[in-house]
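The values are calculated or read from the model by the stated rules, or taken from the named source; none is laboratory data. As the structure is a prediction and not an experimental result, all values here were calculated from the model. Don't worry about glycine lacking a Cβ; one is built from the backbone with ideal geometry, like all the others, and counts go over all protein chains shown. These area figures cover heavy atoms from the full protein model, side chains too; ligands, DNA and RNA do not enter into them. Shrake-Rupley method; radii C 1.70, N 1.55, O 1.52, S 1.80 Å.
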Amino acid sequence: MKDSPTKYIFVTGGVTSSLGKGIVSASLGKLLAERGYSVTIQKLDPYINVDPGTMNPFEHGECYVTDDGAETDLDLGHYERFLNRPTSQANNVTTGRIYQTVIEKERKGDYLGKTVQIIPHITDEIKRRIQILDKKKEFDFIITEIGGTVGDIEALPYIEAVRQLKWELENNAIFIHLTLVPFLAAAAELKTKPTQHSVKTLLEAGIQPDILVCRTEHPINDNIKRKIAQFCNVEKNAVIQSIDAKTIYEVPLLMQKEGLDKIILKKLNIECKKKARLIKLKKFLNGLQNPKKEITIGLVGKYVSLQDAYKSISEAIIHAGAKKCCKINVEWIDSEDINMQNLKSKLSHLQGLIVAPGFGDRGIDGKILAIKFVRENNIPFLGICLGMQTAVIEFSRNVLGLKNANSTEMDPKTKFPVINLMNGQKDITRKGGTMRLGAYDCKLKTKSNIYNCYKKEQISERHRHRYEFNNKYLEIFKKNGLIASGINKKNNLVEAIEIQNHKWFVAVQFHPEYKSTVDKPHPLFCGFIKACINNK
Ligand code: GLN
């Protein structure tokens, strides 16, 4: 147990959404972790859903899954990718979850006849959820990012809760506020007024920010910093510029240059331990920015117009590219746009293909056509979750001759249910949090492409699905050259498949993308990218 009290850093945002609060929080976490501190990052989401698991990816982007099976905000993915440290359910709190807990307590009679109110009951529950992370006293810093923008009605209880917490924690808490400093082209000027207004809104709620991080498209000079400092009661050194970066992975370096971590430590009265050296990050950026080769791969999915829906997959591709010093162009292909006529023109120039996870039957035919094409043309293939299930369906129909074979998700009455509902799933009717979620062990077959990636037999990967490979068909698949190369021994579930007389055709029931980080690009993505490079 550490002896000094845990320090809390609250991150709020103003002016607009999408300022990059998640990336700034993750970058700050990285800088502190590299100085030798233990850090975790939490996200508070003001929506009423209990978690984003039931939301359409078009609404919310990807649903990120943790080891302990929490369905969470995609910012947690950034936290893990930057910090190389797992998060858990406790790292993501929503208004839905807060209210659910308070209402359950009320029904049990825990409030002893009191009127249950936003203050103190909801705010107390928010404070409890923030401090829960400190239960084991393992962190020097807890960074809490508050979703939404100050002034939003839904964010009010959170702002009030952290105001109270700051008051209770005294010198052990600090506020960072992110704002926008827009550039008006007609006036050729950066404007500070939106920042002044957003700090004013925060002040009305009783919060004086200690540090301002100002998102900008153009450098903010000293005069502007001075002006912001003066109008917002913030030290000039604490006005930090966050200029648009070419890649999110540059942001920790930019924040370091601006002295964000230094000013935090100073304001919290902490003597600087070592400096953040960021050796692995710099090496990673070097690979990313000085590629020696170039390939083009395709990603087939049905949410391709919103690339946030596949955030972890696209980041995992970037990680593997940096590791292999290879520039990877990704062509996003809408599965609903694929047909017999355009198949060749869409796919034949690609060095590899990924078929993404998903739900429901929309776009399935396009996915099956695409998989048939890469299977027959010996193009490296990686199928993820629904991508594996569709590969199984394709093989059943076109190699095994099982007419209209399907997953019972798409066709509950199919004569050949090669993918069907897991036993434990059959009686479940509620949607939220009821899939097979979180980390499960898997044993790999040693003579396989997948084993060559991981170079070990025992692996653990995260899941998010209801349907499974139907073991009844295992033998006939094997006889025809499609093997189960990864098995969950405990439940006898097929977790990975591959086709033997193919250059590289691997598909997995789990989601490898969730575990790819800057420090540890994921072996399966690296293996896939290597196969694509060799295919050029
Ligand atoms: N819809 C499929 C299932 O529930 C696959 C889910 C996924 O791709 N994440 O099993």
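Assorted remarks:
- Some residue of segment 503-510 being over 23 Å from the mean Cα position of the chain (by Cα) and among the aromatic types (Phe, Trp, Tyr): yes
- Boolean, THR390 is within 28 Å of LYS530 (Cα to Cα), within 16 Å of the ligand (Cβ to nearest atom), free of Cβ contacts under 8 Å to residues at least 40 places away in the same chain and open to solvent by less than 20 Å² (accessible area, probe 1.4 Å): yes
- Matching residues in segment 404-442 - criterion: being basic (Lys, Arg) and surrounded by fewer than 18 Cβ atoms within 10 Å (Cβ to Cβ): LYS413, LYS415, LYS426, ARG430, LYS431
- A residue that is more than 25 Å from the chain's Cα centre (by Cα), of a type in the set (Ser, Thr, Tyr) and at pLDDT 95 or above cannot be found anywhere in segment 332-342.
- Of the residues making up segment 478-501, just one is touching a Ser or Thr at 6+ places or on another chain (Cβ under 8 Å), among the hydrophobic types (A, V, I, L, M, F, W, C), under 17 Å from VAL399 (Cα atoms) and crowded, with 20+ Cβ neighbours inside 10 Å, namely ILE497.
- Tabulated pairs, segment 359-382, first away from the ligand (no atom under 16 Å from the Cβ), second of a type in the set (D, E, K, R) and not in a loop (DSSP other than H, G, I, E, B), C-beta under 6 angstrom, 6+ apart or interchain: LYS372/GLU394
- Residue check for LYS292: within 27 Å of TRP332 (Cβ to Cβ) and out of contact with any helix residue (DSSP H, G or I) (no Cβ under 6 Å at 6 or more places or on another chain): yes
- Taken as a whole, the condition of being open to solvent by 10 Å² or more (accessible area, probe 1.4 Å), farther than 21 Å from GLY486 by Cα and assigned to a helix (DSSP H, G or I) does not apply to ARG375.
A quick yes/no check of all residues on (1) within 15 Å of the ligand (Cβ to nearest atom); (2) within 25 Å of SER312 (Cα to Cα):
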residue	(1), (2)
ASP411	yes, no
LEU444	no, yes
ILE450	no, yes
LYS455	no, yes
ARG462	yes, yes
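- Residues in segment 468-504 that are of a type outside the set (A, V, I, L, M), within 15 Å of THR390 (Cα to Cα), out of contact with any Gly (no Cβ under 8 Å at 6 or more places or on another chain) and not in a helix (DSSP H, G or I): GLU468, PHE469, ASN470, GLU498.
- Answer residue from segment 344-356, given it is open to solvent by less than 20 Å² (accessible area, probe 1.4 Å) and either assigned to a helix (DSSP H, G or I) or not aliphatic (A, V, I, L, M) (or both) and is nearest to the ligand (Cβ to nearest atom) among those: GLY352
- Whichever residue in segment 176-196 is in contact (Cβ under 8 Å) with a residue 40 or more places away in the chain and either open to solvent by 70 Å² or more (accessible area, probe 1.4 Å) or of a type in the set (A, V, I, L, M) (or both) and, among such residues, is nearest to THR16 (Cα to Cα): LEU180
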